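The values are calculated or read from the model by the stated rules, or taken from the named source; none is laboratory data. Note that this is a predicted model, so its numbers are computed, not measured. We place every Cβ from the backbone using ideal geometry, glycine too, and count neighbours over all the protein chains shown. Just the protein is used for accessible areas: all its heavy atoms, side chains included, with ligands, DNA and RNA removed. Shrake-Rupley method; radii C 1.70, N 1.55, O 1.52, S 1.80 Å.
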Amino acid sequence: DAKTTQPTSMDCAEGRAANLPCNHSTISGNEYVYWYRQIHSQGPQYIIHGLKNNETNEMASLIITEDRKSSTLILPHATLRDTAVYYCIVNSGGSNYKLTFGKGTLLTVNP
Amino acid sequence: GAVVSQHPSWVICKSGTSVKIECRSLDFQATTMFWYRQFPKQSLMLMATSNEGSKATYEQGVEKDKFLINHASLTLSTLTVTSAHPEDSSFYICSTAGQGVHTQYFGPGTRLTVL
């Protein structure tokens, strides 16, 4: 699976949009971009995934650049409960494909 | 998304004893389940992948005789830590996936402390 690079940490003010970047310059054509987050002492939570097109769900939006070498996860109105480590993972998808977790980005939402 | 439970949520045991952790997929037929562990301030590390009715596939460096995995049904997988030692103290997390499903859904984790 392609390697991803994320900033170690970011801060965001409550109520503002949080934009979390991820670089995946070696992504191949059949690989998806997944985002998960892990709140302290809990299991990871699936957020969103995409292949080429931008995606939006009730939690977040995923913007993937045209060359697919980078993406941005957007939390439109961050709350204190969004404080977590956010992981950007690239793989081919499907039930037998393993997720490789990097260090992720610690997002701290401040009041 | 799918709902995954783990039991127990935390356990303390003496060195040399065995501990069983259950992972249940409550509303989803999980053909594949994954087991991870996470040491403090580190990321999740995959331990093994199990497909229902088959033997688990272990990651390099994970002892299959120490970490016994059973995935006998589409809703239940168990991880047994045999002869646990203090260095096995960790946060153990399972996840589920099904045929044609792009995402994994994670359990809440089990905190194991070996004294």
Extension gain from A:ASP67 to A:ARG81, taking 0.36 nm per residue of separation minus the Cα-Cα distance: 1.8 nm
query: So how do A:11-17, B:50-56, B:34-40 stack up, highest first, on mean other-Cβ count within 10 Å?
result: B:34-40, B:50-56, A:11-17
Heavy atoms of B:GLU87 accessible to a 1.4 Å probe, total area in Å² rounded to 10: 130
message: Which residues among the stretch B:44-87 fall inside the zone where the amide N is under 16 Å from a point 7 Å beyond the Cα of B:THR17, along Cα→Cβ?
response: B:80-87
Solvent-accessible area per residue, Å², over the protein assembly as shown with all protein chains present [probe radius 1.4 Å]: 50
- prompt: Dipole size in debye (nearest 20) for chain A around its Cα centre, Lys and Arg Cβ +1, Asp and Glu Cβ -1?
  reply: 220
query: Roughly to the nearest percent, how much of the accessible area of the protein assembly as shown is carbon and sulfur, given a 1.4 Å probe?
result: 51
message: On a 18 Å Cα-Cα criterion, which of the cross-link pairs B:LYS20/B:LYS66; B:LYS14/B:LYS41; A:LYS103/B:LYS41; B:LYS20/B:LYS64; A:LYS3/B:LYS55 come out too long?
response: B:LYS14/B:LYS41; A:LYS3/B:LYS55
statement: Simple SL model, points at 7 angstrom along Cα→Cβ for A:ALA13 and A:HIS40; separation in nm is 2.4
message: So in the protein assembly as shown, which Cys have no other cysteine's beta-carbon sitting under 4.7 angstrom from theirs?
response: A:CYS12, B:CYS13
field: Pairwise burial B:A, computed as accessible area of each alone minus the pair, summed, 1.4 Å, Å²
entry: 1600
